Amino acid sequence: MTEDNVRVNTSWERVEGDVLDQFRAHSVANLGDALDRLNITDGGIAPIWNGATAVGTALPVLTVAGDNKAVITALEHIRPGDMLVINAFGYEGRAIIGDNLAQRFAAFGAAGAVVDGYVRDAAIIEKLGVPVFARGLTPAGPFKNGPGTIGEPVAIGGVVVNPGDIVAADGDGVIVIPPHRAEEALKAVEEIVAREVALDAEVEALRNRDAR
């Protein structure tokens, strides 16, 4: 369907909340290793405030560069646990979201937002505690004309994101996990964590030996 110059697809499914909870226990780096170091967005997309982390179900949005009409329309389609994944074409000239939209994302239960573009109001967004990941900051506001799409595949940071994909983000960056690989990824990441615990124990043993 089309909503005033924005095409919307609602025929997709979200993963269960307990699946998202399992992914929240793991770092993006470990999840990346579990997925053969694939599906990780390029390093240009990073948290706009230190300590931001988020895991959610992808609600993809495609915008015209410098225009956020589709993002505003997406507010009507957010469900708890969603992660707004916005392809804004990496445009540096205008911010696609600011503190007002970030507050609204949180009010509708969104886990956060990943923007392949620029945003603003970083200090306020940090105070609000809303996890936002983007290419950078600019104070320039967006236009609101459209067109755009919601709930259709987008590309961010060199990775294709489908509606319903699992998106995890932290200080290292962002990874996208297709739902059909969720069980595989969780099993693999648990093995990776176990190996890291063993390696840490080896290092601790070496320290203790050298301290004698």
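The values are calculated or read from the model by the stated rules, or taken from the named source; none is laboratory data. Because the structure is predicted, anything quoted here is derived from the model rather than measured. All Cβ positions, even for glycine, are placed from backbone atoms using ideal geometry, and neighbour counts span all protein chains on display. Note: accessible area is taken over every heavy atom of the protein model, side chains too, but ligands, DNA and RNA are not part of it. Shrake-Rupley method; radii C 1.70, N 1.55, O 1.52, S 1.80 Å.
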For the chain, what does the helix formula give at 222 nm: sum of -39500 (n - 2.57) over DSSP H segments with n ≥ 4, over the residue count, nearest 500 deg cm²/dmol? -9500 deg cm²/dmol
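Which sequence of 187, 127, 69 reflects their accessible areas, 1.4 Å probe, from the largest down?
Details: 187 130, 127 185, 69 40 Å².
Output order, biggest surface exposure first: 127, 187, 69.
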Keeping all protein chains in place, calculate the accessible area per residue for the chain (probe 1.4 angstrom), answer in Å². 48 Å²
Under a straight-distance cross-link criterion of Cα-Cα below 15 Å, which aspartates and glutamates are reachable from residue 127, leaving out those fewer than 8 residues away in the same chain? 99
Report residue 53's accessible area, 1.4 Å probe, all protein chains in place, as a number in Å² to the nearest 10. 90 Å²
Over the chain, calculate the relative contact order: mean separation of alpha carbon pairs under 8 Å at least 6 apart, over the residue count, as a percent. 30 percent
Would you tally the net charge around residue 201, using a Cβ to Cβ cut-off of less than 12 Å, leaving residue 201 out, and scoring K and R as +1, D and E as -1? -2
Residues listed by number, segment 129-145, amide nitrogen under 14 Å from residue 42 label point at 7 Å toward C-beta: 135-136
Starting from the Cα of residue 75, move 7 Å in the Cα-to-Cβ direction to define the label point; list residues of segment 133-152 whose amide nitrogen is under 14 Å from there. 144
quick note, the chain, DSSP beta bridge pairs, % antiparallel (nearest 5) is 50 percent
Compactness check, the chain: C-alpha Rg relative to the 2.2 N^0.38 Å globular estimate gives 1.09
At 1.4 Å probe size, with the rest of the protein present, what percent of the exposed accessible area of segment 1-92 is carbon and sulfur atoms? 47 percent
